[in-house]
Amino acid sequence: MLSRKKILVLIGCIVLLGFTYASRHHHKSILQQVSAGSPIDSLNGVIVYYNGSIGNVSGRNVTKDGYNLGLKHQCVEFVKRYYYEHLNHKMPNSYGHAKDFFNSAIADGKTNPDRGLIQYANNSSSKPKVNDLVVFDGNPFNKYGHVAIISKVNTSSVEIIQQNVGMSSRATIDLKNKNGKWRLERSDILGWLRKK
């Protein structure tokens, strides 16, 4: 004979399993409704598009005046479109993989001529700001790297908005200041770029 406590625990488990199944089924049906090219987020009126699957390529996005924004729905295309539409900035070199946006030969706080932006190393005397472009290095699983835009800055973290990372376009990264130097606490972050 089961005690009352065991019966309540059993009922709780059954309810939890039912909720989990319903939640997964609902999440799956939402994903089935979202296709590559669907808007999933935005910052200052610039839309983040769902890419279908990471690395999916569906043509090149070029502005009416011929400026190359990059491969549709990739991370580079979003940050360049954001800088073009919101900050009215065209990069002198409109090509390159994400990790190529950062040039390690350029001193902290100096101009990156390929991007027409001020470059800061990830251990800079300049604190990251909203609208800065964050550059991630490549790795064995993604040799091209990644780029994102800083959408919020707090005393101990930044929020980034990004494209081509699935359905979650926002992420938070810890921010530390040690001996007057600012560092985003991820080992794969090379630095950030900023419009003058």
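Quick note: the coordinates plus some simple rules give every number you see, no bench work behind them. As the structure is a computational prediction, the values presented were derived from the model and not from experiment. Don't worry about glycine lacking a Cβ; one is built from the backbone with ideal geometry, like all the others, and counts go over all protein chains shown.
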- Note on the structure: Calc'd 3J(HN,Hα), segment 35-46, phi into Karplus 6.51 cos²θ - 1.76 cosθ + 1.60 (θ = phi - 60°), Hz, glycine/Pro = x, comes to 10, 3, x, 6, x, 10, 6, 7, 9, 6, x, 9
- Message: Explain nothing, just compute: Karplus ³J(HN,Hα) = 6.51 cos²θ - 1.76 cosθ + 1.60, θ = phi - 60°, for every residue of segment 154-168 in order, whole Hz, x for Gly and Pro.
- Response: 10, 5, 10, 7, 10, 9, 10, 10, 8, 10, 6, 10, x, 8, 9
- Query: Suppose R0 equals 25 Å; then what is the FRET efficiency for ASN154 and SER104 from their Cβ-Cβ distance, rounded to the nearest 0.05?
  - Reply: 0.35
- Translational diffusion coefficient, Stokes-Einstein: compute it for segment 34-171 using the Kirkwood radius over C-alpha pairs as Rh, at 25 °C and 0.890 mPa s, and state it as an integer in µm² s⁻¹. 160 µm²/s
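Taking Cα pairs under 8 Å and at least six residues apart, what relative contact order does segment 35-194 come out at, in percent? Could the numbers behind the result be given before it?
Details: 363 pairs, mean separation 35.1, N = 160.
Once normalised by length, the contact order is 22 percent.
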- Task: Taking the Cβ of each residue in SER157, SER151 as the centre, tally the other Cβ atoms inside 10 Å and list the residues starting with the fewest.
- Result: SER157, SER151
- LYS176: net charge of surrounding residues, Cβ under 14 Å, Lys/Arg +1, Asp/Glu -1, itself excluded? +3
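Grab the beta carbon distance between ASN123 and LYS196, set R0 = 30 Å, and tell me the FRET efficiency rounded to 0.05. Numbers along the way, then the final one.
Values: r = 21 Å, r/R0 = 0.72.
Efficiency, from the Cβ-Cβ distance: 0.90.
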- Item | Interchain or long-range residues, amide H under 5 Å from SER157's placed H | LEU175
- When SER58, SER35, SER94 are ordered from fewest to most other Cβ atoms inside 10 Å of their Cβ, what list results? SER35, SER58, SER94
- Quick one: net charge around VAL46, please, counting Lys, Arg +1 and Asp, Glu -1 for every other residue with C-beta under 12 Å from its C-beta. -1
- Message: If amide hydrogens are placed 1.01 Å from N in the peptide plane, which non-local residues have theirs closer than 5 Å to the one on ALA171?
- Response: ILE160
- Task: Taking a cut-off of 20 Å between Cα atoms, list the lysines near LYS90, but don't count ones fewer than 8 places away on the same chain.
- Result: LYS64, LYS72, LYS80, LYS99, LYS110, LYS129, LYS195, LYS196
- Task: Apply the Karplus parameterisation 6.51 cos²θ - 1.76 cosθ + 1.60, with θ equal to phi minus 60°, to every residue of segment 72-87 and state each ³J(HN,Hα) to the nearest whole Hz, in sequence, with x for glycine and proline.
- Result: 3, 6, 8, 4, 4, 4, 5, 5, 5, 5, 4, 5, 5, 7, 8, 10
